[in-house]
Amino acid sequence: MRIPCPHCGARDAQEFSYLGAADLTRPDGPGLSQGAMADHVYLRDNPAGPHRELWYHGAGCQEWLVVARDTRTHEICAVEPARTLRTEDPA
Amino acid sequence: MRYSVFSLLGQALRGHRGWTPAWRDASPKAAYDVIIVGGGGHGLATAHYLASRHGITNVAVVEKGYLGSGNVGRNTTIIRSNYLLPGNTPFYELSMKLWEGLEQDLNYNVMVSQRGVLNLYHSDAQRDAYARRGNAMRLAGVDSELLDRDQVRAMVPMFDYDNARFPIRGGLLQRRGGTARHDAVAWGYARAADQRGVDLIQNCEVTGLVREGGLIVGVETTRGTIRAGKVALAVAGNSSRLAAMAGLRLPIESHVLQAFVSEGVKPLIDGVVTFGAGHFYVSQSDKGGLVFGGDIDGYNSYAQRGNLPVIEDVLESGMALWPGLGRLRLLRHWGGIMDMSMDGSPIIDHTPLGGLYLNSGWCYGGFKATPASGYCFAHLIATDTPHPVAAAYRLDRFATGHLIDEKGVGAQPNLH
């Protein structure tokens, strides 16, 4: 499996580390419940099909990437730097 | 037909033309008391114990492919009960005891071979950790022996004992561990369940769950709707997909694990040996091939095939342990889809929906657990109370903090 890194080009999957699902949002705010936090930490969609997931290119650009990959075929449809996910400025 | 030396002799005299199929190829009825989804080791074992221990025989096992087409035929056939944590040890020891009597129980040769499982240690710290695990096992009534380097060398002389980075210092041995013939386990359970009237329905994929209010009352399949008093899921890597049909999310990721077999050679290694400085385990099959494996690939997958980096990694570990392996050729390798749970331990529990039971999260330790998994799952389904040795395998333990994390790596399934 090769991952087309937006910075380094197509590189062997061996250069990357896998974290897991990309679109988990950590619950926050005054209404935060223990159950919501447990769901966030432990529950996953785990789909058979397209899956957006986080990979770290440790042996390359050292960027976190969001890879859209089909878990049934390992085909990679899209890769983008994870920093583009951040829609609002934390400041 | 009961198998015995007399039936074998009788058939031999008649040219083996009188053998009957080991089980019926059943068609689905309209309704059952219990439907078990998944015709693998755990599902078939559940059916057998429901019928034989609880007298519940109006049962169907529905399987999308053929019986035993999943992980029960894709593993490295190792059986052992060398666990540390109190939530695990009694469960796996029950499994080992069931293995020890399984052939008589099933009237089927599953080729249980208690040739020993040896975990090698390579440092003082690792010896201490293994000693602790061995002591925990003995406290729970499980056999274990801590061996020094010379004792290990007498058992398996061909390893690289003076490897510069990972010298072998000794090992933790469970003599009652060993291997079993994986396909025969599925076939034996299938035949025993079928003989008690369980319908084994193959080529019948579940496409949905029939829900009435908060209750699950049947399954939609490619061979029509089948209603049931209780629906039990034992579908390994597909657990999340089935749970999604009921609107549930599980603490599980599906990952691919590869395994390997070499060309057949004369007897080289007697028991099962694991390398402690990397992830590698090896045994020799009765046909002579060395059967070995290592880590999962580490990313979500339903593909039943892996990638080359892990193959290289496994073989590097193998070569570090046993340089002579390099003279062998790899004959086959394959992949199976593991239901990796968030703490590395399984789930045998009710679900939040009435009538739906879950058996999942076996990671890559499902094969050795097959008898106890079926036994405890059948107990749960029949009595609606967890079996005492499986009481810790709750689905809600992730929310309540009662995790059973043997490796202590946290909620990161690809590290378990």
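The values are calculated or read from the model by the stated rules, or taken from the named source; none is laboratory data. Bear in mind that the values here come from a model prediction, so they are computed numbers and not experimental data. As a convention, Cβ positions derive from the backbone with ideal geometry for all residues, glycine included, and neighbour counts pool all protein chains shown.
Here are some notes:
- Taking each residue of region B:404-415 that is outside any loop (DSSP other than H, G, I, E, B) and looking for partners that are among the β-branched types (Val, Ile, Thr) and buried (at least 17 other Cβ atoms within 10 Å of the Cβ) with beta-carbon atoms closer than 9 Å, six or more apart or interchain, yields B:Pro413/B:Ile252; B:Pro413/B:Ile296; B:Asn414/B:Ile296.
- Enumeration of residues in region B:383-409 that are closer than 13 Å to B:His350 by Cα and surrounded by 18 or more Cβ atoms within 10 Å (Cβ to Cβ): B:Pro386, B:His387, B:Ala390, B:Ala392, B:Tyr393, B:Arg394, B:Leu395, B:Arg397
- B:Ser373 vs. criteria within 14 Å of chain A (Cβ to nearest Cβ), at pLDDT 95 or above and within 14 Å of the chain's Cα centre (by Cα): no
- Checking each residue in region B:121-156 for being outside any helix (DSSP H, G or I) and either more than 16 Å from B:Thr274 (Cα to Cα) or at pLDDT below 95 (or both) picks out B:Ala140, B:Gly141, B:Val142, B:Asp143.
- Within region B:232-254, not a single residue is of a type in the set (Lys, Arg) and away from every other protein chain (no Cβ under 14 Å).
- Of all residues in region B:147-179 being touching a residue at least 24 places away in the same chain (Cβ under 8 Å) and of a type in the set (A, V, I, L, M), the one that is nearest to B:Arg132 (Cα to Cα): B:Leu172
- The lone criterion from (1) surrounded by fewer than 22 Cβ atoms within 10 Å (Cβ to Cβ); (2) among the β-branched types (Val, Ile, Thr); (3) within 9 Å of another protein chain (Cβ to nearest Cβ) left unmet by B:Ile311 is number (3).
- Single condition A:Leu65 does not satisfy, out of (1) buried (at least 18 other Cβ atoms within 10 Å of the Cβ); (2) modelled with pLDDT under 95; (3) more than 18 Å from B:Asn307 (Cα to Cα); (4) among the hydrophobic types (A, V, I, L, M, F, W, C): (2)
- All positions within region B:174-210 that are touching a helix residue (DSSP H, G or I) at 6+ places or on another chain (Cβ under 8 Å) and aliphatic (A, V, I, L, M): B:Ala180, B:Val185, B:Ala186, B:Ala190, B:Ala192, B:Ala193, B:Val198, B:Leu200, B:Val206, B:Leu209
- Members of region B:365-416 that are closer than 22 Å to B:Met96 by Cα and of a type in the set (Phe, Trp, Tyr): B:Phe367, B:Tyr375, B:Phe377, B:Tyr393
- Taken over region B:162-187, residues that are assigned to a strand (DSSP E or B) and under 14 Å from the mean Cα position of the chain (by Cα) amount to 2.
- For region B:317-350, filtering for residues that are hydroxyl-bearing (Ser, Thr, Tyr) and within 21 Å of B:Asn307 (Cα to Cα) leaves 1.
- If the condition is being in a helix (DSSP H, G or I) and either of a type in the set (A, V, I, L, M, F, W, C) or touching a Lys or Arg at 6+ places or on another chain (Cβ under 7 Å) (or both), then region B:188-200 contributes B:Ala190, B:Ala192, B:Ala193, B:Asp194.
- Selection count, region B:307-327, where residues are outside any helix (DSSP H, G or I) and more than 18 Å from A:Gly20 (Cβ to Cβ): 1
- Close pairs from region B:239-264: first in a helix (DSSP H, G or I), partner of a type in the set (Phe, Trp, Tyr), Cβ under 9 Å, at least 6 apart: B:Arg241/B:Tyr302
- Selection from region A:30-44 of residues that are within 18 Å of B:Asp343 (Cα to Cα), more than 8 Å from chain B (Cβ to nearest Cβ) and among the hydrophobic types (A, V, I, L, M, F, W, C): A:Met37
- Sole residue being in a loop (DSSP other than H, G, I, E, B), touching a Ser or Thr at 6+ places or on another chain (Cβ under 9 Å), buried (at least 22 other Cβ atoms within 10 Å of the Cβ) and touching a residue at least 24 places away in the same chain (Cβ under 8 Å), chosen from B:Tyr302, B:Tyr281: B:Tyr302
- Screening the candidates A:Leu54, A:Leu24, A:Leu65 for the property of being more than 9 Å from every other protein chain (Cβ to nearest Cβ), part of a loop (DSSP other than H, G, I, E, B) and hydrophobic (A, V, I, L, M, F, W, C) yields one hit, A:Leu24.
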